[in-house]
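Here the structure comes first, spelled out in structure tokens, and everything after it is commentary.
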Amino acid sequence: MKALLNILPILLLLSACASYDGRGLQPGKAGFDDIVRVMGQPAMQWQNSDGSRQLAYSRGPMGVHTFMAVIDSAGKLKSLKNVLDDKTFAQVRPGMSKDQVLRILGPSEPSWTIYYARRDELVWEWRYCNQLNQPSRFDVMFNGSKGTVRSSMGMTESQRGLCGERECMC
């Protein structure tokens, strides 16, 4: 019995990790209830005009993924992918609204949201792994009066001095 009690926390941890990325969910077969059972409640969700739904699964603050699940109008999983990558970041354009950015990237880490009063600028930030397998941060800056994207940028955590003397790796 003692051996079982010692291994139980390990099994619980492994089962939690297995659902991190939605592994096992099959497009065309999995429905909303299956997705929630495997991945948990979404951080955000949207109902689209074509009857489909979009679910955002943010894995921050120290995680490096946000998964977007799209459920078609028939209620089945259409796609599931990590959106925190350079290809998706390139979709963020000046003039976009906050809602448009949220639908592309999902929610940013709230504790990293900063408002700069002198510039009247709100900054949202996401943590991700860049193409060189380095933990990086992607920022989107919003004009405070218009609420639209002014600019965006990415920097590695090494460039920000977050890893001390060594190079940060994912």
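The values are calculated or read from the model by the stated rules, or taken from the named source; none is laboratory data. Since this is a predicted model, take the numbers as computed values, not measurements. Methodologically, a virtual Cβ is constructed for each residue, glycine included, from the backbone with ideal geometry; neighbour enumeration extends over all protein chains shown.
Filter segment 5-39 for residues that are at pLDDT 95 or above and under 19 Å from the mean Cα position of the chain (by Cα) and give the result.
Correct list: LEU25, PHE32, ILE35, VAL36, ARG37, VAL38, MET39.
Where residues in segment 30-40 are in contact with a strand residue (DSSP E or B) (Cβ under 9 Å, 6 or more places away or on another chain) and free of Cβ contacts under 8 Å to residues at least 40 places away in the same chain, which of them is surrounded by the most Cβ atoms within 10 Å (Cβ to Cβ)?
Looking at residues that are in contact with a strand residue (DSSP E or B) (Cβ under 9 Å, 6 or more places away or on another chain) and free of Cβ contacts under 8 Å to residues at least 40 places away in the same chain, I get MET39.
Looking at segment 75-104, which of the residues that are of a type in the set (S, T, N, Q) and within 12 Å of the chain's Cα centre (by Cα) is farthest from THR156 (Cα to Cα)?
ASN82
When both residues are 6+ apart or on different chains and their Cβ atoms are under 6 Å apart, which pairs have a first residue that lies in segment 134-159 and is without any contact (Cβ under 8 Å) to a residue 40 or more places away in the chain, and a second that is basic (Lys, Arg)?
Listed by first residue and then by second, the contacts come to ARG137/ARG127; MET141/ARG150; ASN143/ARG150; MET155/ARG137.
Right, SER111: hydroxyl-bearing (Ser, Thr, Tyr) and closer than 30 Å to LEU80 by Cβ or not?
Spelling it out, SER111 is indeed hydroxyl-bearing (Ser, Thr, Tyr) and closer than 30 Å to LEU80 by Cβ.
Yes/no per residue for (1) modelled with pLDDT of 95 or more; (2) assigned by TED's automatic domain parsing to the domain that holds GLY60; (3) of a type in the set (D, E, K, R):
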residue: GLY95; (1), (2), (3): yes, no, no
residue: VAL101; (1), (2), (3): yes, no, no
residue: GLN131; (1), (2), (3): no, no, no
residue: PHE142; (1), (2), (3): yes, no, no
residue: LEU162; (1), (2), (3): no, no, no
residue: GLU167; (1), (2), (3): no, no, yes
residue: CYS170; (1), (2), (3): no, no, no
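With the requirement that a residue be surrounded by fewer than 19 Cβ atoms within 10 Å (Cβ to Cβ) and touching a Gly at 6+ places or on another chain (Cβ under 9 Å), what does segment 131-142 give you?
Selection gives ASP139 alone.
Based on this model, can you work out whether PHE67 counts as surrounded by 14 or more Cβ atoms within 10 Å (Cβ to Cβ), more than 18 Å from the chain's Cα centre (by Cα) and of a type in the set (Phe, Trp, Tyr)?
no
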